[in-house]
Amino acid sequence: MPDQDTYPGLPFLKMHGLGNDFVVIDARGGPRTITPALAQALGDRHRGVGFDQLAVVETGDDSDLTLTFWNTDGSSSGACGNATRCIARREMELTGRHRITLRTERGLLEAVDAGNGLTSVNMGQPVMSWQGIPLKGACDTLSLPIDGAPVATGMGNPHCTFFVEDADAVDLETLGAKYERHPLFPERTNVQFAHVIDENHLRMRVWERGVGVTLASGSSSCAVTVAAARRGLTGRKVRLALDGGEIAVEWRDDGVWMTGPTAHVFSGELTPAFLDGLV
């Protein structure tokens, strides 16, 4: 086991956005090695802490912060909109600033204080080409050759959106697991089922690749907004009712902006005994 004096433990934050929950490790105080085994152990809700994604914060070279993300199965995630909002909110509160930049695999993202305790993040431009999402081969991303003709969108990770009569009636666990690994998506995909409630108001449920059913997903909310607008079902500014609450998304000329609440639930420290063999 690591010596208590040389490896005192690993501090972390537990945060969530609409029930989409995260463990956040701030590595700006020194290098922290995150391994797939550590991500899996941390993500275990019975023997670890539990999360939908693990986020690691580092100092940015051309940004205020650099973020990397891990899923509960130990795989990496290129984007996590709600975690980005949570971390941005905390950083703005710590620094007294109202606008910061964050570098992720998705690119350079901008976050702003939207007032009333809400935080907005520009998740960048959506990817609508089959090569960029990516898909296995050339096809119409607005109507995939899959039962239900879903829409494919890239938001730093792949998304597959089904528009249905009643998203609440869908067997999300069965169908989400099925389509996550559809052969058309070589890197697997997030899967959403959505229906129109009324004008510019959508109901959405989500299955995240490498995780499973989640109460909310920021990048999925952005992807569904883009897909609905492309289909002509809504305009470019919508509200989405997720299992964890409502979020607002607007597809603007400069990217897809997502606005919603965040929460810092508690801070803790992983023990050397827990970390033994994982780092």
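Here are some notes:
- Test: residue in region 207-221 that is among the aliphatic types (A, V, I, L, M) and under 21 Å from residue 148 (Cα atoms): yes
- Identity of the residue in region 245-271, part of a loop (DSSP other than H, G, I, E, B) and in contact with a strand residue (DSSP E or B) (Cβ under 8 Å, 6 or more places away or on another chain), that ends up least open to solvent (accessible area, probe 1.4 Å): 262
- When residue 47 is tested against (1) in contact with a strand residue (DSSP E or B) (Cβ under 7 Å, 6 or more places away or on another chain); (2) in a loop (DSSP other than H, G, I, E, B), exactly one condition is not met: (1).
- Residue within region 62-82 that is in a loop (DSSP other than H, G, I, E, B), in contact with an Asp or Glu (Cβ under 6 Å, 6 or more places away or on another chain) and not charged (D, E, K, R) present: yes
- Residue match in region 101-108 (condition: part of a helix (DSSP H, G or I), open to solvent by 40 Å² or more (accessible area, probe 1.4 Å) and either of a type in the set (Gly, Ala, Ser) or at pLDDT 95 or above (or both)): no
- Filtering region 16-26 to residues that are under 17 Å from residue 68 (Cβ atoms) and either of a type in the set (D, E, K, R) or open to solvent by 10 Å² or more (accessible area, probe 1.4 Å) (or both) leaves only 26.
- Residue list for region 172-210, filter: assigned to a loop (DSSP other than H, G, I, E, B) and open to solvent by 40 Å² or more (accessible area, probe 1.4 Å): 181, 182, 183, 186, 187, 188, 199, 200
- Search result, residues across region 7-23 that are closer than 21 Å to residue 242 by Cβ, among the hydrophobic types (A, V, I, L, M, F, W, C) and not in a loop (DSSP other than H, G, I, E, B): 15, 22, 23
- Residue 278 passes every criterion in (1) under 20 Å from residue 196 (Cα atoms); (2) modelled with pLDDT under 95 apart from (1).
The values are calculated or read from the model by the stated rules, or taken from the named source; none is laboratory data. All values derive from a computational prediction rather than experimental measurement. Here the Cβ is made from the backbone with ideal geometry for all residues, glycine too, and neighbour counts use every protein chain on show. Keep in mind that these areas ignore ligands, DNA and RNA; they rest on the heavy atoms of the full protein, side chains included. Shrake-Rupley method; radii C 1.70, N 1.55, O 1.52, S 1.80 Å.
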